[in-house]
Amino acid sequence: MLDKAEKGEAASADSTYENRLREIVEAVNLPNDKKQELLSLKKEELLRAIVDNVGKRGTAGQSLQNVISVAMLSEGWDAKNVTHIMGLRAFSSQLLCEQVIGRGLRRVGYDTEEVLCPDGVTRQLFAPEYVNIFGVPLSIFQDVGDGGSGPKPPKPTTQISTLPERSALEISWANVLRIDNVLKEKLTVNWDNVPSILLDPTEIHVSAELAPALGGATDLSKAVGIDLELLPEEFRMQKLLFVAARKAFENVQQGYTGSKEILIQQLIRLTEEFLKSDKINIPSLFHQEPLKKRILIALSMDKVVQHLVSYVHQANVTVLEPIFDIEKPIGSTADMRTWYTTRLCQPTEFSQISHMVADGTWEAYAANVLEKFAKDRVVTSYAKNDHLGFNIYYMWNGSKRKYVPDFLIRFANGKTLVLEIKGQDSEQNRAKRLALDVWVKAMNQKGGFGTWCWDVVKEAPARMHDVILEHAKSATYSKPIGELFLDL
């Protein structure tokens, strides 16, 4: 019947078999209209609908517990929790043995434990997992006998899934690949609004020693030193100026509508002003010497340029144009695939996701606060941003990175808040928040997804209440989502 279903042909079956299929559908806890839709299918189509959805909620196969397939390698699916394999018939090839044993070699858990390695260093490694195999001959398989210790029982896992019955709590967002900044023709920067950038000499290596190694042993008697301070011509200020201006040009040229020559001239001027200003903070008097300072700037060029470009954008942007993912322009909590975890979880009531996975006590506290505000009808719904696919792209040290905020919160007033829980701050975290601020402004300017805002809770978890109440104030929707689809 499955073969005929693949070919689209009608299949014949006795009434007993057909009645059995109907019994399976009737036993499933589904709405009546869904059951009638399934029962109206042809026998082969109904069988395919059951087999393809074993264990999936809201489908004809959600209640099936066991499936026995005679054609072992041509029908079925990969199970991750195989613990025993027993061969019940003769194997015709060694390859078939390897395929069968391969069913038990998929890792189930990803918990780590401290292991003393042969080099004497203790490292965090995945815990070993085992599978018991009987009656399957394999040349590379070795029997360790009875001397080994038995496997530890696996940690209990929690299924994290989207609940269709909570569709009213769905939160959607725009899948944005990048945001183009349309700049003014004449670039200006108010240096009083630009914070200083920290260049820590302890994080930048200006010298190194190389030595030959043979058989794993290093011959330190033949070590050769490399000192960048001996190469002053490589770090002339004029050269650094043009290198920084070139990198800045690569970052802003896409959003500039004027002449490229004029843009280059303006960037050279702004870069020169920045490098000569007091906005570069080096916490060491020893490294304030001109050559040492130029070396630090040269080795941190990507960081310096990104800092400068971000504030050039802030001061001169006229339009923020989000570039959507063509294949999937809109993301949603309803699209999250079911996954499993051994981390700390707590069930939710006002989220479309069944559980909230806490990466720390602060996040667990935040979820409890959100549940309370949802009961008071201040918050409509929320979701922990884990496996949702909501990402903010930003630049750091010259490369594109992915930032995953902690929570998405929808208020009763129509606002959607992107919330970050942060214990310690850093330069990279500030770069993330700057990219998030640009993303929020672009969404509100484009319209179609309501009013967006962002905030961060750091140092004091109790400030969660203040943040929620501040953003719970009245707000109005922008362009309706239907119009955005027409624009796309």
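No lab work stands behind these numbers, since they all come straight from the coordinates. Note that this is a predicted model, so its numbers are computed, not measured. So basically every Cβ, Gly included, is an ideal-geometry build from the backbone, and we count neighbours across all protein chains shown.
Neighbour counts of C-beta atoms inside 10 Å place 198, 183, 388 in the sequence 198, 388, 183, starting with the fewest. With the cut-off at 1.5 for a/c, could you classify the range 421-472 from its C-alpha gyration tensor as rounded, prolate or oblate? Because a/c hits 1.5 or more and a/b fails to exceed b/c, the range 421-472 counts as oblate. Here's the picture: a label point sits 7 Å out from the Cα of residue 170 along the beta-carbon direction, and within the range 350-376 the residues with their amide nitrogen under 17 Å of it are 351-354. Distance between the pseudo-spin-label points of residue 83 and residue 115 (7 Å out from Cα toward the beta carbon): 2.1 nm. FRET efficiency for the pair residue 27 and residue 198, taken as 1/(1 + (r/R0)^6) with r the Cβ-Cβ distance and R0 = 41 Å, rounds to 0.05. Extension gain for residue 18-residue 334 works out to 110.4 nm (0.36 nm per residue, less the C-alpha to C-alpha distance). Counting neighbouring beta carbons within 10 Å and listing from fewest to most, the residues 110, 393, 256 come out as 110, 393, 256. Between residue 40 and residue 473, the contour length at 0.36 nm per residue exceeds the Cα-Cα span by 150.9 nm.
For each pair in 328/458; 400/422; 247/402; 415/458; 375/458, compute the distance between the two Cα atoms and list the pairs where it is over 29 Å.
Cα-Cα > 29 Å for 328/458; rest within.
In this rough spin-label picture, where each label sits 7 Å from Cα along the Cβ direction, the residue 466-residue 276 distance is 4.2 nm. Ranking 193, 171, 159 by Cα position along the charge dipole of the range 150-201, where only Lys, Arg, Asp and Glu carry charges on their C-beta atoms, puts 159 farthest toward the positive end.
Rank these for me by crowding, 249, 407, 134, going from fewest to most other beta carbons within 10 Å. If you can, show how the numbers build up before the last one.
Working: 249 19, 407 22, 134 9.
Ascending Cβ contact count within 10 Å gives the list 134, 249, 407.
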